[in-house]
Amino acid sequence: MVRSVWREGGEGRVTDASVIAEQRAAIGPGRLILVVGPSGAGKDTLLGLAKAACADDRGIVFPRRLITRQASASEDNEEVSAEAFQRAAASGDYAMHWEAHGHRYALSRAINDDIRAGRTVIANVSRTVIAAARRNYASAIVVLVTAPPDVLAARLSMRARSSDGLLAQRLARTVDESTSTPDFTIVNSGTAEYHARQLVRIIKGERWDE
């Protein structure tokens with residue numbers, strides 16, 4: 001199950017997405033690139049390679065996610081307790097946050113400063129935040145990373161991360177596609193290096209499908 005909360009002003013209104021707006025004007029002029037996709041698609045692997053390829057470009061930012069589960073070796077995340085997460089969320093310290101499979105995830109509000117400074121921010125997020133992100137950021141770009149079902153199942157079985165929960169549940173999870181249509185789709189069934197180069201081209205605004 002995936003649950004996310006969206007709050008605007010003091011109304012306490014709950015909807016299907018979870019971006020916390022700091023102001024009514026869309027945040028820009030920088031870009032927010034949201035990398036989404038099913039478990040086992042290889043998002044963190046491609047992001048890690050893309051981050052290394054963009055290391056010398058100060059205009060490109062890969063923020064660390066905050067999560068309430070133990071981070072794996074393949075992730076660049078910061079583990080926080082459920083209590084600390086809740087306090088930070090209540091204080092408005094997160095630009096966006098969401099819940100999936102019994103764990104909570106967030107991006108620091110600091111990404112908004114990067115975007116206002118004209119930088120490009122790239123992050124692995126839940127598809128449930130896309131609709132609100134598109135409303136609240138001047139340039140929100142969605143990159144879907146996916147793979148054939150048999151490849152997803154094989155990767156999840158090999159990963160065997162206890163926090164993943166039941167394999168069948170992760171493979172069966174669905175999201176309302178009408179609000180999460182991607183701008184780019186990478187079918188990550190070839191080499192990680194090749195598909196990471198595709199992602200880097202998207203990040204840099206270059207032709208990506210070569």
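The values are calculated or read from the model by the stated rules, or taken from the named source; none is laboratory data. In this text, all values refer to a predicted model and were calculated from it rather than measured experimentally. As a convention, Cβ positions derive from the backbone with ideal geometry for all residues, glycine included, and neighbour counts pool all protein chains shown. Surface accessibility is based on the protein's heavy atoms, side chains included, excluding ligands, DNA and RNA. Shrake-Rupley method; radii C 1.70, N 1.55, O 1.52, S 1.80 Å.
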Residue match in the stretch 147-163 (condition: under 18 Å from the mean Cα position of the chain (by Cα), at pLDDT 85 or above and more than 24 Å from V61 (Cα to Cα)): yes
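Going by what's in this entry, would L107 be described as part of a strand (DSSP E or B), open to solvent by 30 Å² or more (accessible area, probe 1.4 Å) and among the aliphatic types (A, V, I, L, M)?
The answer is no for L107.
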Residue pairs meeting the criteria (Cβ under 9 Å; at least 6 apart or on separate chains; first at positive phi, in the stretch 108-121; second surrounded by fewer than 19 Cβ atoms within 10 Å (Cβ to Cβ) and outside any helix (DSSP H, G or I)): G118/G28; G118/P29; G118/G59
Residue check for G92: at positive phi, surrounded by fewer than 22 Cβ atoms within 10 Å (Cβ to Cβ) and at pLDDT below 90: no
Tabulated pairs, the stretch 79-102, first without any contact (Cβ under 8 Å) to a residue 60 or more places away in the chain and assigned to a helix (DSSP H, G or I), second of a type outside the set (V, I, T) and open to solvent by 70 Å² or more (accessible area, probe 1.4 Å), C-beta under 8 angstrom, 6+ apart or interchain: none
Residue check for A153: more than 14 Å from I33 (Cβ to Cβ) and in contact with a Gly (Cβ under 8 Å, 6 or more places away or on another chain): yes
Criterion: surrounded by fewer than 15 Cβ atoms within 10 Å (Cβ to Cβ) and modelled with pLDDT of 95 or more - qualifying residue of A192, A168, A117, A172: A117
Selection from the stretch 108-131 of residues that are touching a helix residue (DSSP H, G or I) at 6+ places or on another chain (Cβ under 9 Å) and closer than 24 Å to P38 by Cβ: V121, I122, A123, N124, V125, R127, T128, I130, A131
Single match in A100, A138 (criterion: small (G, A, S), in contact with a strand residue (DSSP E or B) (Cβ under 9 Å, 6 or more places away or on another chain), open to solvent by 50 Å² or more (accessible area, probe 1.4 Å) and modelled with pLDDT of 80 or more): A138
Neighbours by Cβ (under 9 Å, 6+ apart or cross-chain): first from the stretch 186-210, assigned to a helix (DSSP H, G or I); second of a type in the set (K, R) and modelled with pLDDT of 95 or more: I203/R31
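Filter the stretch 122-140 down to the residues that are part of a strand (DSSP E or B) and more than 11 Å from the chain's Cα centre (by Cα) and list them by number. Don't jump to the end; show me each part of the working.
Going residue by residue through the stretch 122-140, those that are part of a strand (DSSP E or B) are 122-124, 137, 140.
Those that are part of a strand (DSSP E or B) and more than 11 Å from the chain's Cα centre (by Cα): Y137, A140.
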